[in-house]
Amino acid sequence: MKDVIILGIETSCDETSAAVVKNGREVLSNIISSQVDLHAEYGGVVPEIASRRHLELIIPVIDSALSKAGKTLEDVDGVAVTYGPGLVGALLVGVSAAKAISAAIDKPLVKVHHIEGHIAANYIEHPDLEPPYICLVASGGHSHIVLVKDYLDFRILGRTRDDAAGEAFDKIARVLGLGYPGGPAIDKEARLGDPKAIRFPRVNFHDDSFDFSFSGLKTAVINHVNHARQVGETLNIPDICASFQQAVVDVLTDHTIKAAQSENVKTIALAGGVAANSLLRQQLGKKANKAGFRCVYPSPVLCTDNAAMIASAGYYSYLAGEYADMTLNAVPYLQVGEGHKL
């Protein structure tokens with residue numbers, strides 16, 4: 001069988017990335033240009049700045065990915081691109097570049113859902129992984145428990161009803177003066193603190209739902225910090241971070257294990273930016289093994305937004321003949337599973 005080479009393009013937020021992936025699982029190159037330093041002074045991503053930076057970087061990043069892979073555009077069998085969800089201006093840069101390349105080399109254009117890309121990062125790290133399995137997708141904008149029934153067949157079992165886990169991390173980091181991005185900063189501080197020092201709330205719904213809610217937890221942490229400052233108490237930042245992080249991780253892992261048990265699968269996967277959190281990886285793995293599940297997750301670099309995961313996900317759409325045409329547009333609010341011909 002002939003090898004399939006996919007050029008992946010990812011510009012959904014503040015990383016400009018291009019990758020070349022063979023047969024959906026072998027990464028030949030994965031170039032990521034991050035804008036974290038550019039947005040840090042604002043405490044979060046500024047959409048207009050992100051879009052302009054993508055415009056400056058997209059062609060050099062694609063050229064670099066092809067060069068590192070030792071490939072030319074003539075070697076590419078298909079072009080996969082994130083078309084949603086994400087920042088509309090940022091998405092449009094990647095979609096426009098992908099459409100232009102696809103038209104120029106007369107090769108199929110494949111649209112990829114950003115969250116499905118995160119899920120596919122596990123195929124790169126674990127080449128033996130096959131559906132069905134449960135995947136916890138936790139990032140700055142998303143907290144989903146997804147049943148991956150097949151490579152292009154997804155069903156959401158649980159989702160956040162308010163704030164995403166990563167969004168809560170960023171907000172609490174700002175309140176504590178830890179800067180942006182908040183996830184790594186809180187993870188680092190939490191290693192020095194006591195996770196049992198403060199009992200922050202964990203939300204579980206009475207309807208046996210696997211959904212998440214982190215707004216109440218976020219408010220509880222902010223109230224704790226404000227009260228301490230009002231009465232002149234010295235804040236123990238490591239203890240606050242450890243206690244907050246433990247509350248988030250407890251809910252994420254417990255709901256994921258329960259969802260896996262309900263679907264009678266054998267494997268649990270982890271994906272998304274928050275999947276790089278050390279406590280989440282450790283605790284989910286421990287709970288999964290205890291409950292009799294295999295637990296897999298990508299290396300930290302593949303948890304962030306990157307084009308290798310987009311190329312991997314795009315490979316399966318390519319094999320299924322799910323091609324997009326030149327009317328493809330950015331869809332900033334896109335639901336998991338939308339867009340497949342199933």
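The numbers here are math on the coordinates, done by the rules we state, and not lab data. Note that the structure is predicted; figures quoted are calculated from it, not measured. Here the Cβ is made from the backbone with ideal geometry for all residues, glycine too, and neighbour counts use every protein chain on show.
Below are the figures for this structure:
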quantity: Calculated FRET efficiency for the pair S278/V36, C-beta based, R₀ 25 Å, to 0.05; calculated: 0.85
quantity: Kyte-Doolittle at least 0.0, axis length at least 27 Å by Cα - qualifying DSSP helices, the chain; calculated: 47-69, 237-263
quantity: Charge sum, other residues only, whose C-beta stays under 9 Å from L38's C-beta, Lys/Arg counted +1 and Asp/Glu -1; calculated: -2
quantity: Cα→Cβ-extended label distance, 7 Å offset, between N329 and R155, nm; calculated: 3.2 nm
quantity: Sparsely packed trypsin sites (Lys or Arg not before Pro) within region 238-342, loop by DSSP, other Cβ within 10 Å at most 12; calculated: K266, K341
quantity: For region 28-44, Karplus couplings with θ = phi - 60° (6.51, -1.76, 1.60), whole Hz, Gly/Pro x; calculated: 8, 6, 8, 9, 10, 10, 8, 10, 3, 4, 5, 9, 4, 5, 9, x, x
quantity: Nonlocal amide H pairs with F212, under 5 Å, H built at 1.01 Å; calculated: R159, T160, R161
quantity: Listed residue pairs exceeding 21 Å between alpha carbons, taken from K171/K258; K2/K99; K149/K266; calculated: K171/K258; K2/K99
quantity: Approximate shape of region 131-300 as ellipsoid semi-axes (Cα gyration tensor, √5λ), whole Å, largest first; calculated: 29, 15, 14
quantity: Hypothetical label at S67: residues of region 79-103 whose amide nitrogen lies under 13 Å (7 Å Cα-Cβ projection); calculated: none
quantity: Over region 138-209, relative contact order from alpha-carbon pairs under 8 Å, at least 6 apart, %; calculated: 22 percent
quantity: DSSP loop chymotrypsin sites (Phe, Trp or Tyr not before Pro) with at most 10 other Cβ within 10 Å: longest gap in the chain; calculated: 43-332
quantity: Distant alpha-carbon pairs in region 87-135 (separation over 13 angstrom), percent; calculated: 68 percent
